[in-house]
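One structure, as structure tokens, below. Some questions next.
The values are calculated or read from the model by the stated rules, or taken from the named source; none is laboratory data. It should be emphasised that the depicted structure is a prediction, and the values quoted were computed from it without experimental measurement. So basically every Cβ, Gly included, is an ideal-geometry build from the backbone, and we count neighbours across all protein chains shown.
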Amino acid sequence: MPIVVVIGGQWGDEGKGRIVDLLARKARVVARYSAGNNAGHTIINEKGEFKLHLVPAGIFYPDKTCVIGNGVAIDPEVLLGEIGTLQERGISVSRLRISDRAQVIMPWHRLLDRLEEERRGDAAIGTTGRGVGPCFVDKVARRGIRIADLMRSEDLNERVRAALGYWNQVITKVYGAEPLDVDECCGAYREYGERLTPFIGDSQDIILKAHRAGHYVLLEGAQGSLLDLDHGTYPYVTSSVPSSSSSGAGLGVGIGPTDIQRVVGVFKSYCTRVGNGPFPTELFDDVADTLRDHGKEYGRGEYGTTTGRPRRIGWLDTVSARYSVRMNGLAALALTRLDVLDGLETIKVCTGYELDGQRIDNFPARHSMLERVTPIYEEMPGWQRPTTHVRNFDDLPPQAQSFVRRVEQLLECPIDLISVGPEREQAIIVNPIF
Ligand code: IMP
């Protein structure tokens, strides 16, 4: 049975958690492979509404093993808080497993995230402030602390002393801030290590055993491909690999690219972005407010799950989306939040960019160029009827069907699943993904 990766095709918040929650029904294992608690997934099911930052969305099914892979940056305090909240609300976490190769977000990572954003001033990235970027800096500098280091006081002491020996110099001399205390960090994190010990597992072994025994495995992406460190709108990106290109997904759980059979891309029917950076189809008018506040009264508006920041809103951009389809080798798409467009008289889709009188069909690398492009739009009639009850493609209003077909054509990839509401059942399965 296949290992399927679910990734975000835009700037995050496409509704991956909702799609994973739906697809997880058939999977044996659901694993997170990248990012950290900068990510936020909102899941609504019969047990209520949940906001998850680290625990995979499969946790709501009692028979799924949920894995946090080595590629994830874990803030143990946040993870233990999430585990506690799930338990309090009657969700069992006995099948949660955490790779001891995963990196740990330490107090200096959160501090450096804030200090560096302040230093950048107007050029700030608009990070979530969760310390994820500095944590990946330490990983690459081979100075990081891993979950395995939390298991033994001597190891933790040695690693923290080495890291703070470097960072306290930077904190005091570059930023003029107070240094951090080695013993304080070690005490708290050693205790986190003890509390996390029952959850430690080998992500590679769990995934490959399930796969070889004939079970489906879902690898759950975080954020979106346009925030990818390599392929996104650099430097306004995150510090990990949300895309599945170069097998970012396999890397983050310890399996090879040949084990992955399928990559499903999740795209919203329009675009959103939080944080700074270029956004060619961004809207500043009433349409943006209408889309942002759709369902706000049910907590469904376009506001960040992690930070609560209002999301920037724009029309669907098929130039960046096609780039995403190609970089991820997508064979199937899930289109989310179609119902959010229900009330609109007309809908626009960006099919190209114009810059200095020239048409551009490919996504440019330079952010200063992306900031100057003018989107070329195709305008389509809206349907002005609710779609939230629709479960078959043929029952969608004809204008909604034409919108979906046109998006498929522009993205050069079939749309296999359409979501028309936040509930698990509010979905149209055009082709079964597995
Ligand atoms: P960082 O990942 O906190 O360093 O933030 C870098 C950029 O990624 C900022 O623009 C954030 O707003 C964005 N970002 C990080 N995580 C998410 C997410 O889960 N959804 C949307 N944007 C995100």
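Are any residues in the stretch 384-400 part of a helix (DSSP H, G or I) and either loosely packed, with under 13 Cβ neighbours inside 10 Å or not assigned by TED's automatic domain parsing to the domain that holds SER269 (or both), and if so, which ones?
ASP394, ASP395, PRO398
While we're looking at this one, here's another question. Just name the residue that is surrounded by the most Cβ atoms within 10 Å (Cβ to Cβ) out of those in the stretch 347-365 that are assigned to a loop (DSSP other than H, G, I, E, B) and in contact (Cβ under 8 Å) with a residue 24 or more places away in the chain.
Step one: of the stretch 347-365, the residues assigned to a loop (DSSP other than H, G, I, E, B) are 356-357, 361-365.
Subsequent filtering for residues that are in contact (Cβ under 8 Å) with a residue 24 or more places away in the chain retains 361-363, 365.
On the way: ASP361: 12, ASN362: 11, PHE363: 22, ALA365: 10.
Here the residue is PHE363.
As an exercise: evaluate ASN431 against (1) part of a loop (DSSP other than H, G, I, E, B); (2) at pLDDT 95 or above and give the number of the one condition it does not meet.
Only one criterion in (1) part of a loop (DSSP other than H, G, I, E, B); (2) at pLDDT 95 or above is unmet by ASN431, namely (2).
Only one of ARG114, ARG119, ARG130 is within 12 Å of the ligand (Cβ to nearest atom), in a helix (DSSP H, G or I) and assigned by TED's automatic domain parsing to the domain that holds ARG190; which? Steps first, answer last, please.
Values: ARG119 fails: within 12 Å of the ligand (Cβ to nearest atom); ARG130 fails: in a helix (DSSP H, G or I).
The unique qualifying residue is ARG114.
Report the residue count in the stretch 408-432 for those that are surrounded by 16 or more Cβ atoms within 10 Å (Cβ to Cβ), among the β-branched types (Val, Ile, Thr) and more than 22 Å from the chain's Cα centre (by Cα).
Of the residues in the stretch 408-432, 2 are surrounded by 16 or more Cβ atoms within 10 Å (Cβ to Cβ), among the β-branched types (Val, Ile, Thr) and more than 22 Å from the chain's Cα centre (by Cα).
Still on this structure, I have one more. I'd like the residue in the stretch 241-299 that is in a strand (DSSP E or B) and either of a type in the set (Phe, Trp, Tyr) or farther than 22 Å from MET1 by Cα (or both) and, out of all such residues, is farthest from the chain's Cα centre (by Cα). Explain how you work it out, then say what you get.
Applying the first criterion (in a strand (DSSP E or B)) to the stretch 241-299 yields 260-268, 271-273, 282.
In the following step, the residues that additionally are either of a type in the set (Phe, Trp, Tyr) or farther than 22 Å from MET1 by Cα (or both) were identified as 267-268, 271-273, 282.
Values: PHE267: 12, LYS268: 13, CYS271: 14, THR272: 13, ARG273: 12, GLU282: 20 Å.
Among those residues, the one meeting the criterion is GLU282.
Further question on the same structure: Can you pull out every residue in the stretch 166-213 that is touching a strand residue (DSSP E or B) at 6+ places or on another chain (Cβ under 7 Å), more than 17 Å from ASP75 (Cβ to Cβ) and among the β-branched types (Val, Ile, Thr)?
Answer for the stretch 166-213, where residues must be touching a strand residue (DSSP E or B) at 6+ places or on another chain (Cβ under 7 Å), more than 17 Å from ASP75 (Cβ to Cβ) and among the β-branched types (Val, Ile, Thr): ILE206, ILE207.
A follow-up question, please. What's the total number of residues in the stretch 281-311 that are away from the ligand (no atom under 16 Å from the Cβ), touching a residue at least 60 places away in the same chain (Cβ under 8 Å) and closer than 28 Å to GLY352 by Cα?
1
Checking the condition more than 21 Å from ASP113 (Cβ to Cβ), in contact (Cβ under 8 Å) with a residue 24 or more places away in the chain, out of contact with any Cys (no Cβ under 8 Å at 6 or more places or on another chain) and β-branched (Val, Ile, Thr), which residue from ILE74, ILE68, ILE59, ILE44 passes? Please lay out each step first, then the result.
Working: ILE74 fails: more than 21 Å from ASP113 (Cβ to Cβ); ILE68 fails: more than 21 Å from ASP113 (Cβ to Cβ); ILE59 fails: out of contact with any Cys (no Cβ under 8 Å at 6 or more places or on another chain).
On inspection, the qualifying residue turns out to be ILE44.
Test ALA57 against the criterion of being touching a strand residue (DSSP E or B) at 6+ places or on another chain (Cβ under 8 Å), more than 16 Å from the ligand (Cβ to nearest atom) and within 19 Å of ALA332 (Cβ to Cβ), and give yes or no.
Details: touching a strand residue (DSSP E or B) at 6+ places or on another chain (Cβ under 8 Å): yes; more than 16 Å from the ligand (Cβ to nearest atom): no; within 19 Å of ALA332 (Cβ to Cβ): yes.
Against the criterion (touching a strand residue (DSSP E or B) at 6+ places or on another chain (Cβ under 8 Å), more than 16 Å from the ligand (Cβ to nearest atom) and within 19 Å of ALA332 (Cβ to Cβ)), ALA57 does not qualify.
Hey, can you tell me all the residues within the stretch 133-173 that are part of a loop (DSSP other than H, G, I, E, B), away from the ligand (no atom under 16 Å from the Cβ) and within 27 Å of THR307 (Cα to Cα)? Break it down stepwise before answering.
Of the stretch 133-173, the ones part of a loop (DSSP other than H, G, I, E, B) are 141-145, 152.
Cutting the leftovers down to away from the ligand (no atom under 16 Å from the Cβ) gives us 141-143, 145, 152.
Within the stretch 133-173, just ILE145 meets the criteria.
Pick from the stretch 1-26 the residues that are away from the ligand (no atom under 14 Å from the Cβ) and assigned to a loop (DSSP other than H, G, I, E, B): which of them is farthest from the chain's Cα centre (by Cα)?
Top of the filtered list is MET1.
Here are THR197, THR233, THR238: which of them is surrounded by fewer than 18 Cβ atoms within 10 Å (Cβ to Cβ) and either within 16 Å of the ligand (Cβ to nearest atom) or in a helix (DSSP H, G or I) (or both)?
Working: THR233 fails: surrounded by fewer than 18 Cβ atoms within 10 Å (Cβ to Cβ); THR238 fails: surrounded by fewer than 18 Cβ atoms within 10 Å (Cβ to Cβ).
The conditions single out THR197.
Just to check your reading of the model, which residue among LEU335, LEU344 is away from the ligand (no atom under 16 Å from the Cβ), outside any helix (DSSP H, G or I) and under 18 Å from ASP13 (Cβ atoms)?
Answer to the selection: LEU335.
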